[in-house]
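The next block holds one structure in the form of structure tokens; read it before the comments.
The values are calculated or read from the model by the stated rules, or taken from the named source; none is laboratory data. Just so you know, these numbers come straight off a predicted model, no measurement behind them. Don't worry about glycine lacking a Cβ; one is built from the backbone with ideal geometry, like all the others, and counts go over all protein chains shown. What goes into the accessible areas is simple: the full protein's heavy atoms, side chains included, and nothing from ligands, DNA or RNA. Shrake-Rupley method; radii C 1.70, N 1.55, O 1.52, S 1.80 Å.
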Amino acid sequence: CALPISQLGLPDAVAQMPLALFVGNDPVKKGLPALLDAMPQVSGLHLLVVSPDPGVAPMRAQAQRLGVADRVHFAGALSDITQAYAAADCLVHPTTEDTYAMVVLEAMAWGLPVVVSSERYCGIATELRDGTDALLLTDPRDSAQIAQAIERLMSDSALREQLCNAGRTFAAARTWPLRAADLEALYQTIATSKAAER
């Protein structure tokens, strides 16, 4: 991870520590406050926040209040987010409202284990199996639950490997060309059905 760490402007020491990734244009809706609340509960964890600067000012203040500002790194909005995926050890997405969450799919394609909100809050979770494809949060506002999920990832190498492998498989079955082919087949079915009705 040394190259991405350096390119992202993170301290060299971060390369030796677990690094969680948060990505979201609306940091509040995507659950950053609860994730920050979880940070004091997970010793040694660093967090890379990829989010536009105007929305994170209150989050910087929150990190200061919690005493974790030295472990939370605000990268702003990156033009090349692949560097963040390459540097991180996991993605944490405790969103309170997400139709699908492409960031989760992208992270899985990169082989990152994912902690994400359950289907009540996040559409992609309807297709995920808890503990097999990802770790699902029943309540993304519960900082203790977020901390416990991260701790599980950090302490269980077999679980990390399971989620990495399953995530890659999951993402590979949901590429844009495959989705386009599914959509084309659906259109063809509808067209054939309409023709038969005439």
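Of all residue pairs spaced 6 or more apart or on separate chains, those with beta-carbon atoms under 8 Å, a first member in region 61-85 that is farther than 14 Å from P27 by Cα and part of a helix (DSSP H, G or I) and a second member that is among the small types (G, A, S) and open to solvent by 20 Å² or more (accessible area, probe 1.4 Å) are A84/A75.
Yes/no per residue for (1) within 21 Å of P27 (Cα to Cα); (2) open to solvent by 70 Å² or more (accessible area, probe 1.4 Å):
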{"residue": "V116", "(1), (2)": "yes, no"}
{"residue": "L135", "(1), (2)": "yes, no"}
{"residue": "P140", "(1), (2)": "yes, no"}
{"residue": "Q145", "(1), (2)": "yes, no"}
{"residue": "D156", "(1), (2)": "no, no"}
{"residue": "Q162", "(1), (2)": "no, yes"}
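For region 30-41, residues that are over 14 Å from the mean Cα position of the chain (by Cα) and open to solvent by less than 10 Å² (accessible area, probe 1.4 Å) total 3. If the condition is being in a helix (DSSP H, G or I), at pLDDT below 95 and either under 19 Å from W110 (Cα atoms) or in contact with a strand residue (DSSP E or B) (Cβ under 8 Å, 6 or more places away or on another chain) (or both), then region 17-60 contributes only D53. The residues listed here are E151, E197; of these, the one that is over 22 Å from N25 (Cα atoms) and at pLDDT 95 or above is E151. When Y100, Y121 are screened for being free of Cβ contacts under 8 Å to residues at least 40 places away in the same chain and open to solvent by 50 Å² or more (accessible area, probe 1.4 Å), only Y100 passes. Only residues that are over 24 Å from P113 (Cβ atoms) and open to solvent by 60 Å² or more (accessible area, probe 1.4 Å) were counted across region 42-56, and they come to 2. Go through the residues of region 71-89 one by one and say whether even a single one is among the acidic types (D, E), more than 12 Å from the chain's Cα centre (by Cα) and open to solvent by less than 70 Å² (accessible area, probe 1.4 Å). Scanning region 71-89 turns up at least one residue that is among the acidic types (D, E), more than 12 Å from the chain's Cα centre (by Cα) and open to solvent by less than 70 Å² (accessible area, probe 1.4 Å).
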